[in-house]
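See below for the structure under consideration.
Just so you know, all these numbers are worked out from the coordinates, no wet-lab data involved. Since this is a predicted model, take the numbers as computed values, not measurements. Ideal geometry is used to build each Cβ from the backbone, glycine not excepted, and the neighbour counts take in all protein chains shown.
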Amino acid sequence: MKKVLVTIAVVLLLLVGWMFGSYNGLVTANENVSGKWSQVETQLQRRSDLIPNLVNTVKGYSTHEEKVFADVSNARAKLAGAQNVADAARADGELSSALNRLLAISEAYPQLKANTNFIQLQDELAGTENRLAVARKDYNDAAQAYNAKLKSVPTVFVARLMGFTERSYFKADAQAQSAPQVKF
């Protein structure tokens, strides 16, 4: 009888230990996803901070491009107000499209293309876009690892019991699939 009780106690201890390990692994993976999302938000903010300077520089050379300026401003506001990954991805696509149109305007203004401020801002924006692409990839990799762990047996049982839910991927908006049309 004593041997049976010791065996049951050992099995229960192993089960509890496994549950704690699974829970802690899920918490760590979830926090990793949150940290990676924070990096995406940091790069989105950096880009958002650069945009007014870029817009003002272009405005000085091209006063009749008001629609592009309004599109950039509206998309930037949507991105700032995004409540989740899907909203951020959608707003990011709109902002990227508007920025592409804004940068294309420079082709019609040779003196703008030679402006030191414009060149510096364009370089900073290109660097930020690269950092943003890396941050998005890192976020999606972390979300994929977390989601895979969440769905794996036997961890799935602890995840359901403790209320862990799947994390969304950062997906490009459908309009990001086509090049923006720039008309002068």
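In table form, for the structure just shown:
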| item | result |
| --- | --- |
| Gain upon complete extension [K67, V27; 0.36 nm per residue less C-alpha separation] | 9.8 nm |
| For the stretch 1-160, the fraction of alpha-carbon pairs in successive 5 Å shells from zero, as % | 1, 8, 14, 15, 12, 9, 8, 7, 5, 5, 4, 4, 3, 2, 1, 1, 1, 0, 0 |
| Relative contact order of the chain, defined on C-alpha pairs under 8 angstrom at six or more residues apart (%) | 34 |
| FRET efficiency, 1/(1 + (r/R0)^6) with R0 45 Å, evaluated for V11 and A77 via beta carbons | 0.20 |
| Under 19 Å from K151, Cα to Cα: aspartates and glutamates that are on another chain or at least 8 residues apart | E31, D141, E166 |
| When each of K78/K137; K67/K171; K78/K171; K113/K137 is checked by Cα-Cα distance, pairs over 20 Å | K78/K137; K67/K171; K113/K137 |
| Filtered chymotrypsin sites (Phe, Trp or Tyr not before Pro), the stretch 98-170: DSSP coil and at most 15 other beta carbons within 10 Å | Y169 |
| Of the GluC sites (Glu not before Pro) in the stretch 75-166, those whose Cβ has at most 11 other Cβ within 10 Å and which sit in DSSP loop | E166 |
| Cα-centred dipole magnitude for the stretch 1-119, charges only on beta-carbon of K, R (+1) and D, E (-1), debye, nearest 20 | 480 |
| Computed over the stretch 1-96, Kirkwood Rh from alpha-carbon pairs, angstrom | 17.5 |
| Interchain or long-range residues, amide H under 5 Å from N115's placed H | none |
